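Here's the structure, in C-alpha coordinates; my notes come after.
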Amino acid sequence: MRRLVNPIVLRAWMILWPLGGGAAAPALAVDAAQLTVTMCAPCHGADGNSTDHTFPKLAGMDQEYLLRQLKAFSSGRRRDERMVEVLTTVDPADFVGLASYYGQMQPKQGKVTNAELAAKGKVLFEDGNTDTGVPACAGCHQPDGRGNARFPRLAGQHQGYVLKQLADYRSGRRATDPLMTTVGKRLTDDEAQALAEYISGM
Ligand code: HEC
Ligand code: HEC
(Lines give C-alpha, C1' and ligand atoms only; values in the text may rest on other atoms or scores of the structure.)
(Ligands and ions follow the chains in the order given, each with its own letter.)
Protein backbone atom coordinates (compact mmCIF):
# COMPACT_ATOMS: atom_id res chain seq x y z
CA MET A 1 0.00 0.00 0.00
CA ARG A 2 1.15 3.49 -0.77
CA ARG A 3 1.99 5.65 2.20
CA LEU A 4 -0.57 8.38 2.74
CA VAL A 5 1.69 10.87 4.46
CA ASN A 6 5.08 12.00 3.28
CA PRO A 7 7.47 10.71 5.98
CA ILE A 8 9.68 13.81 5.86
CA VAL A 9 6.74 16.11 6.46
CA LEU A 10 5.46 13.82 9.18
CA ARG A 11 8.81 14.03 10.96
CA ALA A 12 8.78 17.81 10.63
CA TRP A 13 5.35 17.86 12.17
CA MET A 14 6.44 15.69 15.10
CA ILE A 15 9.27 18.12 15.83
CA LEU A 16 7.09 21.22 15.50
CA TRP A 17 4.09 19.88 17.31
CA PRO A 18 5.14 20.44 20.97
CA LEU A 19 6.27 23.99 20.13
CA GLY A 20 2.86 24.80 18.68
CA GLY A 21 1.18 23.87 21.94
CA GLY A 22 -0.46 20.82 20.39
CA ALA A 23 -3.19 22.80 18.63
CA ALA A 24 -1.47 23.18 15.26
CA ALA A 25 -2.55 21.13 12.28
CA PRO A 26 0.12 19.03 10.55
CA ALA A 27 2.77 21.17 8.82
CA LEU A 28 1.75 19.48 5.60
CA ALA A 29 -1.76 20.92 5.75
CA VAL A 30 -0.56 24.41 6.68
CA ASP A 31 1.70 24.71 3.61
CA ALA A 32 -0.97 23.30 1.36
CA ALA A 33 -3.56 25.62 2.89
CA GLN A 34 -1.49 28.66 1.90
CA LEU A 35 -1.12 27.36 -1.62
CA THR A 36 -4.81 26.64 -2.02
CA VAL A 37 -5.92 30.14 -1.00
CA THR A 38 -4.32 31.72 -4.03
CA MET A 39 -4.14 28.82 -6.44
CA CYS A 40 -7.25 26.71 -5.99
CA ALA A 41 -9.87 28.55 -3.93
CA PRO A 42 -10.92 30.93 -6.75
CA CYS A 43 -12.47 27.92 -8.51
CA HIS A 44 -12.84 25.15 -5.92
CA GLY A 45 -13.87 27.35 -2.97
CA ALA A 46 -11.96 28.11 0.22
CA ASP A 47 -13.35 25.01 1.95
CA GLY A 48 -13.25 22.76 -1.13
CA ASN A 49 -16.99 23.11 -1.71
CA SER A 50 -17.16 25.15 -4.89
CA THR A 51 -20.39 26.97 -5.58
CA ASP A 52 -20.06 26.95 -9.40
CA HIS A 53 -21.20 23.66 -10.93
CA THR A 54 -18.40 23.61 -13.52
CA PHE A 55 -15.82 23.24 -10.73
CA PRO A 56 -15.96 19.98 -8.79
CA LYS A 57 -16.26 19.92 -5.03
CA LEU A 58 -13.04 18.40 -3.72
CA ALA A 59 -13.85 18.38 0.01
CA GLY A 60 -13.78 14.95 1.59
CA MET A 61 -12.62 13.09 -1.52
CA ASP A 62 -10.03 10.42 -0.89
CA GLN A 63 -6.54 11.91 -1.06
CA GLU A 64 -5.16 9.07 -3.17
CA TYR A 65 -7.86 9.69 -5.76
CA LEU A 66 -7.18 13.45 -5.74
CA LEU A 67 -3.47 12.83 -6.15
CA ARG A 68 -4.07 10.49 -9.10
CA GLN A 69 -6.18 13.17 -10.79
CA LEU A 70 -3.55 15.89 -10.27
CA LYS A 71 -0.97 13.60 -11.87
CA ALA A 72 -3.40 12.75 -14.69
CA PHE A 73 -3.89 16.46 -15.50
CA SER A 74 -0.18 17.19 -15.37
CA SER A 75 0.72 14.22 -17.58
CA GLY A 76 -2.04 15.06 -20.09
CA ARG A 77 -3.99 11.85 -19.49
CA ARG A 78 -6.90 13.96 -18.27
CA ARG A 79 -7.60 17.12 -20.24
CA ASP A 80 -8.80 20.46 -18.96
CA GLU A 81 -7.24 23.75 -20.04
CA ARG A 82 -7.88 25.48 -16.71
CA MET A 83 -6.42 22.71 -14.54
CA VAL A 84 -3.45 22.20 -16.83
CA GLU A 85 -2.66 25.92 -16.76
CA VAL A 86 -2.86 26.10 -12.96
CA LEU A 87 -0.68 23.04 -12.53
CA THR A 88 2.13 24.47 -14.69
CA THR A 89 2.70 26.89 -11.80
CA VAL A 90 2.56 24.26 -9.01
CA ASP A 91 5.57 22.17 -7.95
CA PRO A 92 4.57 18.48 -8.36
CA ALA A 93 6.18 17.91 -4.95
CA ASP A 94 3.21 19.83 -3.49
CA PHE A 95 0.58 17.53 -5.04
CA VAL A 96 0.52 15.23 -1.98
CA GLY A 97 -0.06 18.16 0.37
CA LEU A 98 -2.82 19.60 -1.80
CA ALA A 99 -4.60 16.25 -2.07
CA SER A 100 -4.32 15.69 1.67
CA TYR A 101 -5.61 19.21 2.41
CA TYR A 102 -8.80 18.78 0.39
CA GLY A 103 -9.25 15.21 1.64
CA GLN A 104 -9.53 16.58 5.18
CA MET A 105 -12.15 19.24 4.37
CA GLN A 106 -15.82 18.70 5.30
CA PRO A 107 -17.99 17.95 2.25
CA LYS A 108 -21.29 19.80 1.88
CA GLN A 109 -24.44 18.25 0.50
CA GLY A 110 -25.84 19.66 -2.73
CA LYS A 111 -29.46 20.45 -3.57
CA VAL A 112 -32.00 18.30 -5.36
CA THR A 113 -34.14 20.44 -7.65
CA ASN A 114 -36.29 17.67 -9.11
CA ALA A 115 -37.32 15.03 -6.56
CA GLU A 116 -39.01 12.78 -9.13
CA LEU A 117 -35.87 12.65 -11.26
CA ALA A 118 -33.74 12.01 -8.18
CA ALA A 119 -35.95 9.03 -7.26
CA LYS A 120 -35.28 7.50 -10.70
CA GLY A 121 -31.59 8.16 -10.19
CA LYS A 122 -31.62 6.36 -6.85
CA VAL A 123 -32.95 3.17 -8.45
CA LEU A 124 -30.27 3.31 -11.16
CA PHE A 125 -27.56 4.08 -8.64
CA GLU A 126 -28.48 1.10 -6.49
CA ASP A 127 -29.52 -1.46 -9.13
CA GLY A 128 -28.11 -0.30 -12.47
CA ASN A 129 -29.98 -1.22 -15.64
CA THR A 130 -29.76 -4.96 -16.38
CA ASP A 131 -31.35 -4.54 -19.84
CA THR A 132 -28.52 -2.38 -21.10
CA GLY A 133 -25.71 -3.68 -18.90
CA VAL A 134 -25.32 -0.56 -16.75
CA PRO A 135 -23.76 -1.73 -13.48
CA ALA A 136 -24.98 -0.47 -10.11
CA CYS A 137 -22.93 2.61 -9.21
CA ALA A 138 -23.27 1.63 -5.55
CA GLY A 139 -21.20 -1.50 -6.19
CA CYS A 140 -18.08 0.60 -6.64
CA HIS A 141 -18.84 4.09 -5.30
CA GLN A 142 -20.49 2.65 -2.12
CA PRO A 143 -24.24 2.70 -1.40
CA ASP A 144 -23.94 6.11 0.29
CA GLY A 145 -21.70 7.49 -2.48
CA ARG A 146 -18.88 8.11 -0.05
CA GLY A 147 -16.34 6.26 -2.20
CA ASN A 148 -12.80 5.29 -1.26
CA ALA A 149 -9.26 5.51 -2.64
CA ARG A 150 -10.08 3.54 -5.79
CA PHE A 151 -13.67 4.67 -6.44
CA PRO A 152 -14.15 8.39 -5.95
CA ARG A 153 -16.68 10.02 -3.66
CA LEU A 154 -19.74 11.16 -5.64
CA ALA A 155 -22.11 12.16 -2.80
CA GLY A 156 -23.03 15.84 -2.96
CA GLN A 157 -21.19 16.54 -6.22
CA HIS A 158 -22.64 19.20 -8.57
CA GLN A 159 -25.11 17.90 -11.20
CA GLY A 160 -23.37 19.82 -13.98
CA TYR A 161 -19.95 18.42 -13.17
CA VAL A 162 -21.22 14.83 -12.92
CA LEU A 163 -22.99 15.15 -16.27
CA LYS A 164 -19.87 16.54 -17.91
CA GLN A 165 -17.70 13.70 -16.59
CA LEU A 166 -20.15 11.03 -17.79
CA ALA A 167 -20.17 12.69 -21.23
CA ASP A 168 -16.36 12.95 -21.22
CA TYR A 169 -15.98 9.25 -20.42
CA ARG A 170 -18.44 8.42 -23.20
CA SER A 171 -16.66 10.59 -25.79
CA GLY A 172 -13.20 9.46 -24.69
CA ARG A 173 -12.14 12.96 -23.68
CA ARG A 174 -11.55 11.60 -20.19
CA ALA A 175 -9.69 8.33 -20.69
CA THR A 176 -8.49 7.78 -17.13
CA ASP A 177 -10.51 4.63 -16.54
CA PRO A 178 -11.83 1.92 -18.92
CA LEU A 179 -14.61 0.89 -16.49
CA MET A 180 -16.09 4.36 -16.49
CA THR A 181 -15.72 4.66 -20.27
CA THR A 182 -17.97 1.60 -20.56
CA VAL A 183 -20.44 2.98 -17.99
CA GLY A 184 -20.54 6.32 -19.84
CA LYS A 185 -21.23 4.62 -23.18
CA ARG A 186 -24.10 2.53 -21.80
CA LEU A 187 -25.99 5.34 -20.08
CA THR A 188 -28.71 7.22 -21.95
CA ASP A 189 -28.91 11.00 -21.56
CA ASP A 190 -32.05 10.64 -19.42
CA GLU A 191 -30.36 8.14 -17.12
CA ALA A 192 -27.32 10.39 -16.74
CA GLN A 193 -29.60 13.33 -15.82
CA ALA A 194 -31.42 11.24 -13.21
CA LEU A 195 -28.18 9.96 -11.70
CA ALA A 196 -26.66 13.44 -11.52
CA GLU A 197 -29.79 14.71 -9.76
CA TYR A 198 -29.70 11.91 -7.19
CA ILE A 199 -25.94 12.17 -6.60
CA SER A 200 -26.05 15.88 -5.86
CA GLY A 201 -28.51 15.33 -3.01
CA MET A 202 -26.74 12.34 -1.43
C1 HEC B 1 -9.47 28.32 -13.12
C2 HEC B 1 -10.23 27.36 -12.35
C3 HEC B 1 -9.47 26.28 -11.57
C4 HEC B 1 -8.46 26.45 -10.67
C5 HEC B 1 -7.78 27.74 -10.26
C6 HEC B 1 -8.17 25.13 -10.14
N7 HEC B 1 -8.99 24.21 -10.70
FE8 HEC B 1 -9.06 22.20 -10.26
N9 HEC B 1 -10.53 21.93 -11.68
C10 HEC B 1 -11.05 22.93 -12.47
C11 HEC B 1 -12.00 22.34 -13.39
C12 HEC B 1 -12.81 23.07 -14.44
C13 HEC B 1 -12.02 20.94 -13.12
C14 HEC B 1 -12.87 19.87 -13.83
C15 HEC B 1 -12.19 19.47 -15.11
C16 HEC B 1 -13.04 18.50 -15.91
O17 HEC B 1 -14.15 18.87 -16.30
O18 HEC B 1 -12.58 17.39 -16.13
C19 HEC B 1 -11.07 20.73 -12.04
C20 HEC B 1 -10.81 19.47 -11.48
C21 HEC B 1 -9.94 19.26 -10.42
C22 HEC B 1 -9.69 17.97 -9.82
C23 HEC B 1 -10.36 16.65 -10.17
C24 HEC B 1 -11.51 16.42 -9.23
C25 HEC B 1 -12.28 15.14 -9.47
O26 HEC B 1 -13.34 14.99 -8.83
O27 HEC B 1 -11.86 14.31 -10.27
C28 HEC B 1 -8.75 18.17 -8.84
C29 HEC B 1 -8.17 17.12 -7.93
C30 HEC B 1 -8.43 19.59 -8.83
N31 HEC B 1 -9.17 20.22 -9.80
C32 HEC B 1 -7.54 20.17 -7.95
C33 HEC B 1 -7.14 21.52 -8.00
C34 HEC B 1 -6.12 22.09 -7.15
C35 HEC B 1 -5.35 21.32 -6.09
C36 HEC B 1 -6.00 23.39 -7.51
C37 HEC B 1 -5.02 24.42 -6.98
C38 HEC B 1 -3.61 24.07 -7.13
C39 HEC B 1 -6.97 23.65 -8.58
N40 HEC B 1 -7.65 22.47 -8.84
C41 HEC B 1 -7.19 24.87 -9.18
C42 HEC B 1 -10.77 24.28 -12.39
C43 HEC B 1 -9.80 24.86 -11.59
C1 HEC C 1 -16.76 -1.12 -11.66
C2 HEC C 1 -16.66 0.03 -10.79
C3 HEC C 1 -17.48 1.26 -11.12
C4 HEC C 1 -18.85 1.32 -11.35
C5 HEC C 1 -19.83 0.16 -11.38
C6 HEC C 1 -19.14 2.72 -11.52
N7 HEC C 1 -18.02 3.48 -11.41
FE8 HEC C 1 -17.89 5.50 -11.56
N9 HEC C 1 -15.87 5.43 -11.31
C10 HEC C 1 -15.15 4.27 -11.12
C11 HEC C 1 -13.74 4.61 -11.05
C12 HEC C 1 -12.58 3.64 -10.88
C13 HEC C 1 -13.66 6.01 -11.21
C14 HEC C 1 -12.40 6.89 -11.23
C15 HEC C 1 -11.94 6.84 -12.64
C16 HEC C 1 -10.87 7.81 -13.01
O17 HEC C 1 -9.82 7.82 -12.38
O18 HEC C 1 -11.14 8.56 -13.96
C19 HEC C 1 -15.02 6.49 -11.37
C20 HEC C 1 -15.35 7.82 -11.58
C21 HEC C 1 -16.65 8.29 -11.71
C22 HEC C 1 -16.99 9.68 -11.88
C23 HEC C 1 -16.05 10.86 -11.91
C24 HEC C 1 -15.90 11.41 -10.50
C25 HEC C 1 -15.10 12.66 -10.41
O26 HEC C 1 -14.97 13.17 -9.28
O27 HEC C 1 -14.60 13.15 -11.42
C28 HEC C 1 -18.36 9.74 -11.98
C29 HEC C 1 -19.20 10.98 -12.15
C30 HEC C 1 -18.85 8.38 -11.86
N31 HEC C 1 -17.78 7.52 -11.71
C32 HEC C 1 -20.18 8.04 -11.91
C33 HEC C 1 -20.65 6.73 -11.90
C34 HEC C 1 -22.05 6.38 -12.05
C35 HEC C 1 -23.18 7.37 -12.18
C36 HEC C 1 -22.12 5.01 -12.02
C37 HEC C 1 -23.35 4.12 -12.16
C38 HEC C 1 -24.11 4.25 -13.39
C39 HEC C 1 -20.75 4.52 -11.85
N40 HEC C 1 -19.90 5.59 -11.77
C41 HEC C 1 -20.41 3.19 -11.78
C42 HEC C 1 -15.65 2.99 -11.00
C43 HEC C 1 -16.98 2.62 -11.16
Exercise. Between Leu179 and Asp127, what is the spin-label point distance in nm, taking each point 7 Å from the Cα along the Cα→C-beta axis?
Worked result: 2.3
Problem set entry | Ala46 versus Asp31: modelled label distance in nm, points set 7 Å from Cα along the beta carbon direction | 2.4
Exercise. Per residue, how much accessible area does the chain show when a 1.4 Å probe rolls over the protein heavy atoms, in square angstrom?
Worked result: 56
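Summarise the accessible area of segment 34-110 (1.4 Å probe, protein heavy atoms) by the percent that is carbon and sulfur.
Working: 2320 of 4130 Å².
With neighbouring chains kept in place, the figure for segment 34-110 is 56 percent.
State whether segment 115-200 is rounded, prolate or oblate according to the following rule on the C-alpha gyration tensor (a ≥ b ≥ c being the square roots of its eigenvalues): a/c under 1.5 gives rounded; otherwise a/b larger than b/c gives prolate, and the remaining case gives oblate. Mind dumping the intermediate values first?
Working: a/c = 1.27, a/b = 1.14, b/c = 1.11.
Verdict is rounded for segment 115-200.
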Exercise. Relative contact order, percent, of the chain when contacts are C-alpha pairs under 8 Å separated by at least 6 residues?
Worked result: 22
Seminar exercise, completed: Spelling it out for Arg174: with amide H atoms placed in the peptide plane at 1.01 Å from N, the residues 5 or more places away or on another chain with amide H under 5 Å from its amide H are Tyr169
Seminar exercise, completed: Taking His141, His53 and ranking on accessible area (1.4 Å, protein atoms only), highest first, one gets His53, His141
Exercise. Distance from the Cα centre of segment 122-136 to that of segment 34-84, in angstrom?
Worked result: 29
Exercise. Using alpha carbons only, how many degrees (0 to 90, rounded to 10) separate the axis of helix 189-200 from the longest principal axis of the chain?
Worked result: 40
Seminar exercise, completed: Shape descriptors of the chain over alpha-carbon atoms, Rg and Dmax in angstrom, are 18.0, 62
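In terms of the ratio Rg/(2.2 N^0.38 Å) built on C-alpha atoms, what value belongs to segment 64-110?
Numbers: Rg = 11.4 Å, N = 47, 2.2 N^0.38 = 9.5 Å.
Relative to the 2.2 N^0.38 Å estimate, segment 64-110 comes out at 1.20.
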Seminar exercise, completed: Going residue by residue through segment 43-53, the Karplus relation 6.51 cos²θ - 1.76 cosθ + 1.60 with θ = phi - 60° gives ³J(HN,Hα) values, rounded to whole Hz and with x marking Gly or Pro, of 9, 8, x, 5, 9, x, 10, 4, 9, 8, 5
For this session: Please grab the % of Cα pairs in segment 71-143 that end up more than 22 Å from each other.
Result: 54
Exercise. In whole percent, how big is the carbon plus sulfur part of the accessible area of segment 115-200, probe 1.4 Å, protein atoms only?
Worked result: 56
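The values are calculated or read from the model by the stated rules, or taken from the named source; none is laboratory data. What you are looking at is a predicted structure, and each value in this text was computed from that prediction instead of being measured. Cβ sites come from the backbone with ideal geometry, for glycine too, and all protein chains shown count toward neighbours. Accessible surface areas use protein heavy atoms only, side chains included; no ligands, DNA or RNA. Shrake-Rupley method; radii C 1.70, N 1.55, O 1.52, S 1.80 Å.
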